[in-house]
Amino acid sequence: MGNLKGHNRDLAERAYRVRRNAVLMGEVQGQGYIAQALDIADVLAVAYFHAMTYRPEDPEWEGRDRFLLSNGHYAIALYAALIEAGIIPAEELDSYGSDESRLPMSGMASYTPGMEMSGGSLGVGMSIAVGMALGLKRKKSNARVYILFSDGELDEGAVWEALMSAAHYKLDNLIAIVDVNNQQADGPSTQVMAFEPLVQKMEAFGWFTQRIDGNDLDAVVGAFDTAKDNAEAKPRIIIADTLMGKGVPFLEAREKNHFIRVDPHEWQLALAALEEGRQS
Amino acid sequence: MTKPVPSTSKPRLTTSAMIASIASEGQRTQAAPFGTALVELAKTRTDIIGMTADLGKYTDLHLFGQAYPDRYYQMGMAEQLLFGAASGLAAEGFVPFATTYAVFATRRAYDFIHQTIAEEDRNVKIVCALPGLTSGYGPSHQAAEDLALMRAMPNMTVIDPCDACEITQVVPAMAAHQGPVYMRLLRGQVPLVLDEYNYTFELGKAKVIRGGRDVLFISTGLMTMRALEAAKHLESDKIDVAVLHVPTIKPLDTETILREARQTGRMVVVAENHTIVGGLGEAVARHMMLNGVAAQFRHIGLPDEFLAAGALPTLHDRYGISTQALVDQIKAWQA
């Protein structure tokens, strides 16, 4: 984080803590979507500690920005951010994925404070986001809807129904972030189903589109600011190219997999690697 | 199914238009009871909004759109989007009435209803035209299994109204109910029957429409009007037929159903505009078995097969759900 200044340096510390929370949860389970959590931590840090308005003590505050997690298996990453944001008590971290926990492996609205929708059935989130954005406009609310979804979800036809409708209804209060880590269950996303060229597709669908390195904090901050400030009556999307395992070099280098293998002794190594990156 | 061979021996009926009324000739009707009732209710319930997937006119929701254009959302021919967006609007405190055909809601968008509405317990009202066998267009438009699919979903209330009188009462009742509801819709010129019986709809309640000593019809939806007509016909055959109307398929009024089924000496006949798989008949049979009610049990419903295209009266005769088919079947069983 050597080149970052001021506020963005604070965000780097937030991103470090989000990654650390995620690794600690991964250790509880001994497994998990940890590589995704590491790749999206910078985006979540900027969303929760730069872009969004919310009240940690009142997760259902009417004026809050809504954050929808369509790719429910990224719950480990969102819990990590919600803990850092003070919406979920840090003591619950140890319960991740356990019986009676409020932090199930796949995110569900009824389980967790700050979880706005039940994900897991990939492809459903964007249509909910459209409804919420319409609802906020009906209420003349200034709140925004943020939705995180994954590149694999681009295979789902219903996502494109919703993308089209968001432009039709000029939902300028909707900011989507698609995590392009190029990995889904059966392999590299672009090989599973060719979804590029994504910028041109999103623009053709009527979205204000930015494509950034999702692990470059300056770029992520800039993209969120631009998405919020843009004056066009269009929905906004940030295409975030990310690196799975980001921040833990031996996981970055591991053969890419949707559900990576982590040996028991490696969790401590992962924490040490994060600490090293924090101080560099 | 074997391909039909054109017959030259008798005049053939033609397939009626998609929006044709199911009313029989001479039957009293009322126009667009759902749309009319919703427009009326929405005068005071400003949280109600209308949503459709390119079937506003075909579900009578266009009346709502004309009355409240700023509360009406056209979602395009995209049923998954329709129900996901309805969930999002419900999350923001609105009460969406989302309409399409029953086949598209229950078959195409099932997971979206399951995950974004039922699992999240969103206050969405799903109103679907062409339930069961009410279209002659073949399986693409015949929702023979919609009740089975929707009653298998936790949190979902399922209603199959009989006529215009009932639909008019169901609309405010489903709006007053907190939680997801699936309603089967009869649209256009809808038969008017139950007003003759001083009928009052109550969510979750089965109602005895007429008494009788020999046969107890337990019926839902439009089959209740058929059962009532059949009961009148059967008077001349000295067969005394009772009709218990069960508009709420879920939650099921098992107390009333068991009380009526326990009355000795009556054959219990469940009649539904639905496949014999997974609908009211199996639900009633289950509760009779669980509670040791050993009445003679019969079941009238659609066969477990892809149904034919053609004119509705022909199809209702062929598959045994027309009034005449009910009369013939009861006479055979009572012989």
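Can you tell which of B:283, B:261, B:294 is assigned to a helix (DSSP H, G or I), over 18 Å from the mean Cα position of the chain (by Cα), of a type in the set (Gly, Ala, Ser) and not assigned by TED's automatic domain parsing to the domain that holds residue B:153?
B:261
Regarding residue B:121, is this residue more than 20 Å from the chain's Cα centre (by Cα) and either on the phi > 0 side of the Ramachandran plot or not assigned by TED's automatic domain parsing to the domain that holds residue B:185 (or both)?
So residue B:121 fits the description; yes.
Suppose we filter segment A:87-110 for residues that are over 17 Å from residue B:87 (Cβ atoms) and either within 11 Å of chain B (Cβ to nearest Cβ) or among the hydroxyl-bearing types (Ser, Thr, Tyr) (or both); how many remain?
Count: 5.
For residue A:116, are the conditions met, namely being in contact (Cβ under 8 Å) with a residue 24 or more places away in the chain, farther than 21 Å from residue A:66 by Cα, within 14 Å of chain B (Cβ to nearest Cβ) and among the charged types (D, E, K, R)?
Against the criterion (in contact (Cβ under 8 Å) with a residue 24 or more places away in the chain, farther than 21 Å from residue A:66 by Cα, within 14 Å of chain B (Cβ to nearest Cβ) and among the charged types (D, E, K, R)), residue A:116 does not qualify.
Take residue A:121 and decide whether it is surrounded by fewer than 24 Cβ atoms within 10 Å (Cβ to Cβ) and modelled with pLDDT under 95.
no
If we keep just the residues of segment A:203-221 that are among the small types (Gly, Ala, Ser) and out of contact with any Lys or Arg (no Cβ under 8 Å at 6 or more places or on another chain), which is nearest to residue A:180 (Cα to Cα)?
Checking each candidate, the answer is A:214.
Looking at (1) over 15 Å from residue B:160 (Cβ atoms); (2) in contact with a Phe, Trp or Tyr (Cβ under 8 Å, 6 or more places away or on another chain), find the lone condition where residue B:209 falls short.
(1) is the only condition that residue B:209 fails.
Between a first residue in segment B:45-68 that is more than 17 Å from residue B:102 (Cα to Cα) and a second residue that is among the basic types (Lys, Arg) and part of a helix (DSSP H, G or I), which pairs have beta carbons less than 9 Å apart while being 6 or more apart in sequence or on different chains?
B:46/B:71; B:48/B:71; B:49/A:138; B:49/B:71; B:64/B:71; B:65/B:71
Conditions tested, residue by residue: (1) out of contact with any Pro (no Cβ under 8 Å at 6 or more places or on another chain); (2) modelled with pLDDT under 95; (3) not in a helix (DSSP H, G or I).
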| residue | (1), (2), (3) |
| --- | --- |
| B:172 | yes, no, no |
| B:175 | yes, no, no |
| B:178 | yes, no, yes |
| B:183 | no, no, yes |
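Within segment A:152-181, take every residue that is away from chain B (no Cβ under 12 Å) and in a helix (DSSP H, G or I) and give me the one that is surrounded by the fewest Cβ atoms within 10 Å (Cβ to Cβ).
It comes out as A:155.
Yes/no matrix, rows are residues, columns are (1) more than 23 Å from residue B:177 (Cβ to Cβ); (2) surrounded by fewer than 15 Cβ atoms within 10 Å (Cβ to Cβ):
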| residue | (1), (2) |
| --- | --- |
| B:241 | yes, no |
| B:251 | no, yes |
| B:257 | no, no |
| B:261 | yes, no |
| B:270 | yes, no |
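Could you check segment B:128-144 and list, in sequence order, the residues that are in contact with an Asp or Glu (Cβ under 8 Å, 6 or more places away or on another chain) and either closer than 14 Å to residue B:108 by Cα or assigned by TED's automatic domain parsing to the domain that holds residue B:310 (or both)?
B:128
I'm told residue A:191 meets every condition in (1) assigned to a helix (DSSP H, G or I); (2) away from chain B (no Cβ under 14 Å); (3) at pLDDT 95 or above except one. Can you identify the failing condition by its number?
Residue A:191 satisfies every listed condition except (3).
Listed residues B:56, B:50; which is under 30 Å from residue B:280 (Cβ atoms), surrounded by fewer than 24 Cβ atoms within 10 Å (Cβ to Cβ), among the small types (Gly, Ala, Ser) and more than 12 Å from chain A (Cβ to nearest Cβ)?
B:56
Can you tell me which of (1) over 23 Å from residue B:110 (Cα atoms); (2) under 18 Å from the mean Cα position of the chain (by Cα) is the one residue A:142 doesn't meet?
Just one mismatch for residue A:142, condition (2).
Only one residue in B:204, B:132, B:211 is of a type in the set (Gly, Ala, Ser), more than 15 Å from residue B:98 (Cβ to Cβ), surrounded by 23 or more Cβ atoms within 10 Å (Cβ to Cβ) and in contact with a strand residue (DSSP E or B) (Cβ under 6 Å, 6 or more places away or on another chain), so which one is that?
B:132 is the lone residue from the list that is of a type in the set (Gly, Ala, Ser), more than 15 Å from residue B:98 (Cβ to Cβ), surrounded by 23 or more Cβ atoms within 10 Å (Cβ to Cβ) and in contact with a strand residue (DSSP E or B) (Cβ under 6 Å, 6 or more places away or on another chain).
Do you know which residues across segment B:154-182 are in contact with a Phe, Trp or Tyr (Cβ under 8 Å, 6 or more places away or on another chain), closer than 16 Å to residue B:83 by Cβ and surrounded by fewer than 24 Cβ atoms within 10 Å (Cβ to Cβ)?
B:156, B:157, listed by residue number.
Does residue A:114 fit the bill of being among the small types (Gly, Ala, Ser) and at positive phi?
So residue A:114 passes the test.
Tally the residues that are touching a residue at least 24 places away in the same chain (Cβ under 8 Å) and facing another protein chain (nearest Cβ under 9 Å), restricting the search to segment A:122-151.
Selection size over segment A:122-151: 14.
When residues of segment B:59-80 are filtered for being under 24 Å from the mean Cα position of the chain (by Cα) and at the interface with chain A (Cβ under 7 Å from one of its Cβ atoms), how many remain?
Selection size over segment B:59-80: 2.
The values are calculated or read from the model by the stated rules, or taken from the named source; none is laboratory data. All values derive from a computational prediction rather than experimental measurement. Using ideal geometry, Cβ is built from the backbone for each residue, glycine included, and neighbour counts are taken over all protein chains shown.
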